[in-house]
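*Asks:* Before anything else, here's the structure in question.
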Amino acid sequence: MSIAYAIERQLAISAVRRACLLTSSVFNKLVKNETLVKGDKSPVTVADYSAQAVISSMLHRAYPNDPIVGEEDASDLRAESGASLRNRIVELANEALTAELGIGDDADWGIGPGSEQNADEVLDAIDRGRYEGGRTGRMWTIDPIDGTKGFLRGEQYAVCLALIVDAQVQLGVLGCPNLPIDWLKPDGEKGCLFVAVRGQGAQQIKLSGAESTRLTMPPYTPSTFNFLESVEAAHSSHSTISGISAIMGLTEPPIRMDSQAKYGCLARGDGGAYVRMPTGAGYKEKIWDHATGSLLVTESGGIITDSRGLPLDFGLGRTLGENYGIIATVKDAHGKLLSAVQQVVAKEEEPLKSRA
Ligand SMILES: Nc1ncnc2c1ncn2[C@@H]1O[C@H](COP(=O)(O)O)[C@@H](OP(=O)(O)O)[C@H]1O
Ligand SMILES: [Mg+2]
Ligand SMILES: [Mg+2]
Ligand SMILES: [Mg+2]
């Protein structure tokens with residue numbers, strides 16, 4: 001009997017691993033003019049673009065009909081003003097696609113020496129991520145660097161890839177080059193891959209090789225329970241989370257970390273819950289920021305919902321639509337956490353209501 005998504009899993013691990021090698025090598029060489037500011041004021045670097053090109057090219061060679069929802073697009077690079085950035089991205093993508101890795105599960109996906117692409121092919125690979133998403137069919141979603149701000153600070157970031165079929169995440173791979181393999185040894189080996197397949201559990205694999213560990217969240221223990229939250233206060237309200245912590249009577253401070261590395265840490269028990277609460281009206285969470293992480297949560301013994309207790313809906317397009325907030329934790333803590341979240345939200349809404 002064949003195991004569901006076995007080929008896709010191997011391909012996804014291989015693609016994320018190559019993209020991680022690219023991003024970590026770029027970090028050491030990044031120069032000032034290799035970062036752009038996008039329309040929404042967020043940063044994007046040559047590493048984001050070239051990592052998306054690498055993953056998208058590998059997916060396309062194996063599954064040419066699968067659409068891709070990718071965070072980045074190549075419009076700024078096609079302009080004349082983008083020429084030097086474009087050349088650098090083509091060079092980086094080709095370096096990553098043609099490298100010989102020599103790691104066991106990096107099977108031959110039609111890449112390796114001799115598989116260079118020209119500039120048009122690289123830009124087209126990036127632009128294959130323009131798919132609008134939706135309720136039916138197969139699609140991949142890529143966040144080539146999640147936590148670009150963390151990446152630029154030399155802190156945590158994640159390369160994220162997920163396969164969604166009929167609005168359900170079936171497979172997710174997260175690459176975290178700067179994350180210690182063992183949280184208790186912060187100066188030890190860094191570089192983790194987190195992998196989950198629906199119904200098949202979640203694992204951590206070393207970025208440097210094949211060694212893997214199965215992940216299970218520990219049971220709820222109030223004395224040690226703590227939150228994982230964004231570093232960027234603009235992405236998730238720190239004050240709401242401290243209110244939730246007070247209601248639950250928790251004493252441990254939150255761990256601040258950029259990117260979906262938070263989901264990887266949650267799945268392996270480094271942190272009790274990942275809570276993300278909106279800071280202002282209007283921002284819609286993107287599917288590539290949560291697809292992989294949500295499967296890591298459910299496959300390691302957790303539950304993930306929005307702040308009203310509703311499941312995240314990956315069938316609405318490129319965003320999670322009106323989902324409000326993200327609440328992810330081990331099964332036996334989710335009810336308590338959700339009730340604390342709702343109390344804080346109600347309290348925060350009181351002054352608004354009395355003014356109305
Ligand atoms: N106002 C906002 N509210 C919530 N998330 C936001 C936001 N502005 C940007 N983001 C998202 O937050 C992600 C980083 O999450 P975190 O804060 O957990 O590290 C960004 O991913 P990118 O870095 O891929 O652009 C971006 O998609
Ligand atoms: Mg971004
Ligand atoms: Mg992101
Ligand atoms: Mg990103």
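*Asks:* W183 is checked against (1) closer than 15 Å to R17 by Cβ; (2) open to solvent by 70 Å² or more (accessible area, probe 1.4 Å); (3) in contact with a helix residue (DSSP H, G or I) (Cβ under 8 Å, 6 or more places away or on another chain) and fails just one. What number does that condition carry?
*Replies:* The number of the failed condition is (1).
*Asks:* For a quick check of your reading of the model, give me the residue pairs whose first member lies in region 337-348 and is under 13 Å from S242 (Cβ atoms), whose second is among the β-branched types (V, I, T) and open to solvent by 30 Å² or more (accessible area, probe 1.4 Å), with beta-carbon atoms closer than 8 Å and at least 6 apart or on different chains.
*Replies:* Final answer for the pair search is A340/I247; V344/I247.
*Asks:* Moving on to the next point. Looking at D108, D48, D40, D76, can you tell me which residue is touching a residue at least 24 places away in the same chain (Cβ under 8 Å), assigned by TED's automatic domain parsing to the domain that holds L21 and open to solvent by 30 Å² or more (accessible area, probe 1.4 Å)?
*Replies:* Going through D108, D48, D40, D76 in turn, the sole match is D76.
*Asks:* Related question: So for region 140-161 (the condition being open to solvent by less than 30 Å² (accessible area, probe 1.4 Å), away from ligand 3 (no atom under 16 Å from the Cβ), more than 24 Å from E229 (Cα to Cα) and out of contact with any Ser or Thr (no Cβ under 8 Å at 6 or more places or on another chain)), does at least one residue qualify?
*Replies:* No, that holds for no residue.
*Asks:* Kindly evaluate G70 against the criterion of being within 16 Å of ligand 1 (Cβ to nearest atom) and either within 19 Å of the chain's Cα centre (by Cα) or among the acidic types (D, E) (or both). Explain how you work it out, then say what you get.
*Replies:* Working: within 16 Å of ligand 1 (Cβ to nearest atom): yes; either within 19 Å of the chain's Cα centre (by Cα) or among the acidic types (D, E) (or both): yes.
Yes.
*Asks:* Spot the failing condition for G82; the list is (1) free of Cβ contacts under 8 Å to residues at least 40 places away in the same chain; (2) open to solvent by 10 Å² or more (accessible area, probe 1.4 Å), and only one is missed.
*Replies:* Tallying (1) free of Cβ contacts under 8 Å to residues at least 40 places away in the same chain; (2) open to solvent by 10 Å² or more (accessible area, probe 1.4 Å), G82 fails exactly one: (2).
*Asks:* Could I ask something else about it? Inside region 63-79, can you point out the residues that are among the aliphatic types (A, V, I, L, M) and either within 15 Å of ligand 2 (Cβ to nearest atom) or within 14 Å of A53 (Cβ to Cβ) (or both)?
*Replies:* Correct list: I68, V69, A74, L77.
*Asks:* Right, next: Across region 137-152, which residue is farthest from the chain's Cα centre (by Cα) among those that are within 11 Å of ligand 1 (Cβ to nearest atom) and not in a strand (DSSP E or B)?
*Replies:* Residue satisfying both the conditions and the ranking: L152.
*Asks:* Counting residues that are farther than 17 Å from A119 by Cβ and within 16 Å of ligand 3 (Cβ to nearest atom), which helices (runs of 4 or more DSSP H) fully inside region 1-108 reach at least 1?
*Replies:* 6-29, 46-62
*Asks:* In region 265-304, how many are within 16 Å of ligand 3 (Cβ to nearest atom), assigned to a loop (DSSP other than H, G, I, E, B) and basic (K, R)?
*Replies:* Adding up the residues that qualify gives 1.
*Asks:* Kindly check whether there is at least one residue in region 122-130 that is farther than 26 Å from T292 by Cβ, in a helix (DSSP H, G or I) and over 19 Å from the mean Cα position of the chain (by Cα).
*Replies:* There is no residue in region 122-130 that is farther than 26 Å from T292 by Cβ, in a helix (DSSP H, G or I) and over 19 Å from the mean Cα position of the chain (by Cα).
*Asks:* The conditions are (1) touching a residue at least 12 places away in the same chain (Cβ under 8 Å); (2) more than 14 Å from the chain's Cα centre (by Cα); (3) within 21 Å of T141 (Cβ to Cβ), and D289 fails exactly one of them. Which is it?
*Replies:* (2)
*Asks:* Also, quick follow-up: Would you point out the residue of region 309-356, among those that are out of contact with any helix residue (DSSP H, G or I) (no Cβ under 7 Å at 6 or more places or on another chain), under 18 Å from M277 (Cα atoms) and among the hydroxyl-bearing types (S, T, Y), that is least open to solvent (accessible area, probe 1.4 Å)?
*Replies:* Result: S339.
The values are calculated or read from the model by the stated rules, or taken from the named source; none is laboratory data. Owing to the predicted nature of the structure, the values given are computational and were not obtained by experimental measurement. A quick note on method: Cβ atoms are made from the backbone with ideal geometry, for glycine too, and the neighbour counts reach across all protein chains shown. Side chains are part of the model used for accessible areas, which takes the heavy atoms of the whole protein and leaves out ligands, DNA and RNA. Shrake-Rupley method; radii C 1.70, N 1.55, O 1.52, S 1.80 Å.
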